[in-house]
């Protein structure tokens, strides 16, 4: 006897182990998935030049948030995106969204107002609970599909804090973006000259612990986003696991550092 198990015994053992671990893996499914991060900038989003200088392509479409008074441009990735939102006087503001529009204006002037310019958005998953262990509230606007809403994880009472929310619609599957990326025309927006393709990590640095809502602990505990307290607002983004070993600091134009 050599002490080695026969092939049939090893196979059976693997089946038994896999079966016993399956419920554990299912229980560990994340309650949310990371969709994208945004920064509110000045009207016109001239700060996009900092992203372009770092080797990113800005998607050609300008997103108009009707009723909210804002617009945005994006850096599209295969599994998410980065977004620059800005107040746009050509986009109407509905009576119901006046408070939200003013909040975005204050966020765009974050250096003077102290409001956080950063937002992190999540998608629901199969494990998303019906109710979270903290209070949430809903926001609807004209630009959203009828009957949908954004679920805000940051309390109304903390308007200066980092914005944490759940998207009003599900994200585009990565497989669909991969297929689109192969299109010689439409796929160009995914082919960034710096080679970055996927969003793999996000860290938010806040100037004080009071700038982080209760939901931040829940999100950090589930390893969805990291939160730290430092000297200033900062969105620290990792793409492709940082495999190229490149770090680009986009300050002072944008409160963002990118690793790819």
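So which residues in the stretch 43-82 are out of contact with any helix residue (DSSP H, G or I) (no Cβ under 8 Å at 6 or more places or on another chain), within 19 Å of residue 247 (Cα to Cα) and part of a strand (DSSP E or B), if there are any at all?
The initial filter retains those residues of the stretch 43-82 that are out of contact with any helix residue (DSSP H, G or I) (no Cβ under 8 Å at 6 or more places or on another chain), namely 44-56, 61-66, 71-72, 74, 80-81.
Next, only the ones that are within 19 Å of residue 247 (Cα to Cα) stay: 47-56, 81.
Residue satisfying the conditions is 81 alone.
Filter the stretch 227-260 down to residues that are in a strand (DSSP E or B) and either closer than 23 Å to residue 156 by Cα or at pLDDT below 95 (or both), then give me how many there are. It would help to see each step written out before you state the result.
Filtering the stretch 227-260 for residues in a strand (DSSP E or B) gives 227-229, 234-239, 247-249, 256-259.
Subset that is either closer than 23 Å to residue 156 by Cα or at pLDDT below 95 (or both): 227-229, 234-235.
Matching residues across the stretch 227-260 total 5.
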Consider residue 224 carefully, then state whether it is within 16 Å of the chain's Cα centre (by Cα), part of a loop (DSSP other than H, G, I, E, B) and surrounded by 13 or more Cβ atoms within 10 Å (Cβ to Cβ).
-> yes
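Restricting the search to the stretch 116-133, which residues are in contact (Cβ under 8 Å) with a residue 60 or more places away in the chain, part of a loop (DSSP other than H, G, I, E, B) and either within 15 Å of the chain's Cα centre (by Cα) or under 16 Å from residue 155 (Cα atoms) (or both)? Spell out the reasoning first.
If we filter the stretch 116-133 for residues that are in contact (Cβ under 8 Å) with a residue 60 or more places away in the chain, which is where we start, we get 116-129, 132-133.
Filter once more, keeping what is part of a loop (DSSP other than H, G, I, E, B): 116-117, 125-129, 132-133.
Within the stretch 116-133, 116, 117, 125, 132, 133 qualify.
The values are calculated or read from the model by the stated rules, or taken from the named source; none is laboratory data. These numbers come from a predicted model, not from an experiment. Because the Cβ atoms are built from the backbone with ideal geometry, glycine has one as well, and the counts that use them run over all protein chains shown.
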